[in-house]
Amino acid sequence: MQPSVLELMQQMNHEQVVFCQDPHTGLNAIIAIHNTTLGPSLGGTRLWNYSSYDEALVDALRLSRGMTYKSAISGLNLGGGKAVLIGDASKLKSEAFWRRYGKFVNSLNGKYITAEDVNTSKGDMEYIGMETKFVTGKPEYMGGSGDPSPVTAYGVYMGMKAAAKKAFGTDVLTGKKIMVQGAGNVGQYLMGYLVAEDAKVFTCDINEDKLKDVKAKYPSVEVVDGSQVFELEYDIYAPCALGATVNTESINQMKCPVIAGGANNQLADENVHGPMLVEKGIIYVPDFLINAGGIINISIEIDGYNKERAMSTVAKIYDRTLTIFDIAEKEGIHTQLAAMHMAEKRIAQIANLRVGI
Ligand code: NAD
């Protein structure tokens, strides 16, 4: 039997889950608030045609928990939240739809702050912003931080350099063979940094137009067939498409000493694949640590956006990655677990701080 909503919340330790529906606009939303110890929960709004409400709920619960870890390890005073809207983006999107959703977000009085995610844009954030101030990722002309992808890519580049230092004794990526899987927003900005450093970059994507973009921007990048990704040898594998690409089958095939990429939920099952990577001697930079550039960028928007401050804060991903490698080694655990422990420790320490005066 499928566990109830409350049982799922208990399993993953969620504070609150809010269901919203509106027959006039066709809005069906689940807002999951995982943990607000460090501050208001912040996470994007995903609009997706889920095959069932149960699937949407589990996605909201998993993603919001991921946001708690991401903000906590990045030193942000934010908790973890995420919203999923259920349905076909091409049919649902309208001014009224987004404003109705904005009113629901507003009803939480700032306990949840929203942002862009899959199938949501800066323009959608603008509509939401007509009904609530608890929205980030607004366009730059509105004082927002704009597209988070370039900043996310910079953070991935920093984490990748730290991993190279650990694996190869130098963080210089010149001449290193790097596979960037997924030539979307983050993937393309990442390739920009890598090409500038004269790395030997490979990519693949299921969307031919993205590959054409890449060839036009960076002629030196070599396009490979997606089915061959794990057959070839690289120094670094950078997953920048979907989650769960690091699984039993791919790890068995992998011929690279480092995994450092921007995708969310890279490990199909952290309890199985974290230890498996250690056994195979593959250095893995935890996803929620390395791809935190976007949330760091947005957190700076809350205080009044400043690009320089955003980039210098994101650059700290380099040192944080090295710290996690050290902790993992000392404690004999895999890096994802070490990163989770570090995030949980900060949450527990700040929770204690708030007891009393
Ligand atoms: P995007 O949609 O722009 O890019 C993803 C790309 O992956 C697309 O071009 C898509 O065609 C491609 N793709 C999908 N399936 C593929 C497959 N099987 N093989 C190869 N390519 C495939 O998204 P994005 O904003 O670049 O985000 C990429 C990843 O990074 C996602 O997992 C996202 O959740 C994560 N992420 C993004 C940000 C951000 O700031 N954009 C922040 C944190 C995490």
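Things worth noting here:
- Of all DSSP beta bridges in the chain, antiparallel share, percent nearest 5: 35 percent
- Per atom type, the range 1-128 shows carbon and sulfur on 48% of its accessible surface, probed at 1.4 Å.
- Given a 1.4 Å probe and the protein chains as shown, Tyr234 ends up with an accessible area of around 20 Å².
- If you take the alpha carbon atoms of the range 69-139 and fit the smallest convex hull around them, that volume is 95 Å³ per residue.
- In a reduced charge model with +1 at each Lys and Arg Cβ and -1 at each Asp and Glu Cβ, the chain shows a dipole moment near 800 debye about its Cα centre.
- Rounded Å value of the spacing that divides the Cα centres of the range 297-333 and the range 7-84: 23 Å
- In straight-distance terms, cross-link reach from Lys91 covers every one of the lysines whose alpha-carbon lies under 27 Å from its own, apart from those fewer than eight places away in the same chain; here that gives Lys82, Lys103, Lys122, Lys133, Lys138, Lys210.
- For the range 205-357, convex hull of alpha carbons as volume per residue, Å³: 154 Å³
- Mean ellipticity per residue at 222 nm, deg cm²/dmol - from DSSP H runs of n ≥ 4 across the chain, formula -39500 (n - 2.57): -14500 deg cm²/dmol
- In Hz, Karplus ³J(HN,Hα) per residue of the range 157-173 (6.51, -1.76, 1.60; θ = phi - 60°; x = Gly, Pro): 4, 5, x, 5, 5, 4, 5, 5, 4, 5, 7, 10, x, 8, 8, 6, 9
- Cα-centre dipole for the range 230-348 with unit charges at Cβ (Lys and Arg positive, Asp and Glu negative), debye to 20: 320 debye
- Computed with every protein chain present, the accessible area of Lys345 is close to 130 Å² [probe 1.4 Å].
- Look at where the Cα atoms of the range 95-116 and of the range 132-166 average out, and the two centres are 22 Å apart.
- Ser220, Ser51, ranked by accessible area, largest first (probe 1.4 Å): Ser51, Ser220
- All Cα-Cα separations within the range 71-223 were binned at 10 Å from zero, giving a P(r) of 10, 30, 28, 23, 9, 0, each value a whole percent of the pairs.
- Between the amide H of Arg46 and those of Ala83, Val84, Leu85, distances stay under 5 Å, these residues lying 5 or more places away or on another chain, with hydrogens modeled in the peptide plane.
- Accessible area (Å², per residue) of the chain, counting only protein heavy atoms and a probe of 1.4 Å: 44 Å²
- Those lysines that a straight Cα-Cα span of less than 27 Å connects to Lys280, excepting residues fewer than 8 apart in one chain: Lys70, Lys161, Lys165, Lys166, Lys176, Lys177, Lys200, Lys255, Lys330
- In order along the range 204-209, phi translates into HN-Hα couplings of 8, 7, 7, 9, 4, 4 Hz, rounded to whole numbers, per the Karplus curve 6.51 cos²θ - 1.76 cosθ + 1.60 with θ = phi - 60° and x for Gly and Pro.
- Dipole of the chain, positive end: most advanced residue of Gly304, Ser4, Tyr69 [Cβ charges, Cα centre]: Gly304
- Taking Leu190, Leu47, Leu108 as the candidate residues, the one with maximal mean-square fluctuation in a Gaussian network model of the chain, Cα springs under 10 Å, is Leu108.
- Dividing the convex hull volume of the alpha carbon atoms of the chain by its residue count gives 152 Å³ per residue.
- Using θ = phi - 60° and Karplus 6.51 cos²θ - 1.76 cosθ + 1.60, couplings along the range 47-58 (whole Hz; Gly, Pro as x): 10, 8, 7, 5, 6, 7, 5, 5, 4, 5, 4, 4
The values are calculated or read from the model by the stated rules, or taken from the named source; none is laboratory data. Note that the structure is a prediction, hence the values are computed from the model and not measured. Cβ atoms come from the backbone with ideal geometry, glycine included; neighbour counts cover every protein chain shown. For the accessible areas, the whole protein counts, side chains as well, though only heavy atoms, and no ligand, DNA or RNA atoms are used. Shrake-Rupley method; radii C 1.70, N 1.55, O 1.52, S 1.80 Å.
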